[in-house]
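Working notes, beginning with the structure itself.
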Amino acid sequence: MVFLKKETLLRFRMENTQHRVHRASREEIAPAFELVTEYYEAVGVEAREDRRAFEEQYFVEGTGVWLAVLADATVGCVALRKLSGRPNCGEIKRMYVRASERGNGIADALLEGLEKFAAQYGYEWLYLDTTDSMIAAAKFYQRNSYERCECYNKNPQATLFMRKRLTKKT
């Protein structure tokens, strides 16, 4: 179970009363892909999915894209896909909040929505990768109980690998 710091959650709710975070529907593939494309450009992602691959990876059972909407604008996203070769594991991808909206708890709300779905779906672990240069991202995930782990993929840009257990060992 994921808990937001009370002050973060309250500040986000107070400052962004018109926000909502939701799992994108198939009808929202276009705006979701548009925001992910913006993310690609903002952080210089080399390993990119085209729109068809994006739909095939993130709009099937056990996966998803979560969107943060303020008023009528989509301002943030995060994606979850199945992690190949590791049963009951998912991978977090494409966490992005537009610069003008950062610092308002949107990333926390996106991650909370994704993790809740992943736990209900039955994922035991969530993995992610990032780079050493994305210091704020690494700190964000550490604050949310992600720990460093071994390299689990062949992403040529990734230098930091993290994971979080969603279910307790029995």
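Does any residue of region 104-125 turn out to be part of a strand (DSSP E or B) and either at pLDDT below 95 or not charged (D, E, K, R) (or both)? Scanning region 104-125, I find at least one residue that is part of a strand (DSSP E or B) and either at pLDDT below 95 or not charged (D, E, K, R) (or both), so the answer is yes. Just to verify a result, which residue in region 132-144, among those that are touching a helix residue (DSSP H, G or I) at 6+ places or on another chain (Cβ under 8 Å) and not in a helix (DSSP H, G or I), is surrounded by the most Cβ atoms within 10 Å (Cβ to Cβ)? The qualifying residue surrounded by the most Cβ atoms within 10 Å (Cβ to Cβ) is ASN144.
Hey, among the residues in region 33-53 that are surrounded by 15 or more Cβ atoms within 10 Å (Cβ to Cβ) and touching a helix residue (DSSP H, G or I) at 6+ places or on another chain (Cβ under 8 Å), which one's farthest from SER133 (Cα to Cα)? By that ranking, first place goes to PHE33. In region 93-106, the residues that are within 12 Å of GLU38 (Cβ to Cβ) form Cβ pairs under 6 Å with partners that are open to solvent by less than 60 Å² (accessible area, probe 1.4 Å) and of a type in the set (Ser, Thr, Tyr), at six or more places apart or across chains, as follows: ARG94/TYR39; TYR96/TYR39.
Checked against (1) part of a helix (DSSP H, G or I); (2) polar (S, T, N, Q); (3) in contact with a Phe, Trp or Tyr (Cβ under 6 Å, 6 or more places away or on another chain), SER100 passes all but a single condition, namely (3). The one condition from (1) closer than 25 Å to THR74 by Cα; (2) open to solvent by less than 60 Å² (accessible area, probe 1.4 Å) that GLU112 does not meet is (2).
Mind checking whether some residue in region 148-170 is modelled with pLDDT of 95 or more and on the phi > 0 side of the Ramachandran plot? No. Within region 42-65, the set of residues being without any contact (Cβ under 8 Å) to a residue 40 or more places away in the chain and under 18 Å from LEU111 (Cβ atoms) comprises TYR58, THR63. Candidates GLU55, GLU101, GLU28, GLU112: the one that is over 14 Å from the mean Cα position of the chain (by Cα) and within 26 Å of TRP125 (Cβ to Cβ) is GLU55.
Would you be able to tell me the number of residues in region 157-170 that are assigned to a loop (DSSP other than H, G, I, E, B), within 20 Å of GLU112 (Cα to Cα) and of a type in the set (A, V, I, L, M, F, W, C)? It would help to see each step written out before you state the result.
Of the residues in region 157-170, the ones assigned to a loop (DSSP other than H, G, I, E, B) are 157-159, 166-170.
Adding the requirement that they be within 20 Å of GLU112 (Cα to Cα) leaves 166-168.
Narrowing the set further to residues that are of a type in the set (A, V, I, L, M, F, W, C) leaves 166.
Count: 1.
If only one of LYS93, LYS154 is crowded, with 17+ Cβ neighbours inside 10 Å and either in a strand (DSSP E or B) or more than 14 Å from the chain's Cα centre (by Cα) (or both), which one is it? The unique qualifying residue is LYS93. Can you say whether LEU67 is surrounded by 13 or more Cβ atoms within 10 Å (Cβ to Cβ), under 18 Å from VAL45 (Cβ atoms) and of a type outside the set (Phe, Trp, Tyr), as far as the supplied structure shows? Taking the combined requirement at face value, the residue does not satisfy it.
The values are calculated or read from the model by the stated rules, or taken from the named source; none is laboratory data. Just so we're clear, the structure is a prediction, and the values are computed from it rather than from any experiment. Here Cβ is always computed from backbone atoms with ideal geometry, including for glycine, and neighbour counts include all displayed protein chains. Only protein heavy atoms, including side chains, enter the accessible area calculation; ligands, DNA and RNA are left aside. Shrake-Rupley method; radii C 1.70, N 1.55, O 1.52, S 1.80 Å.
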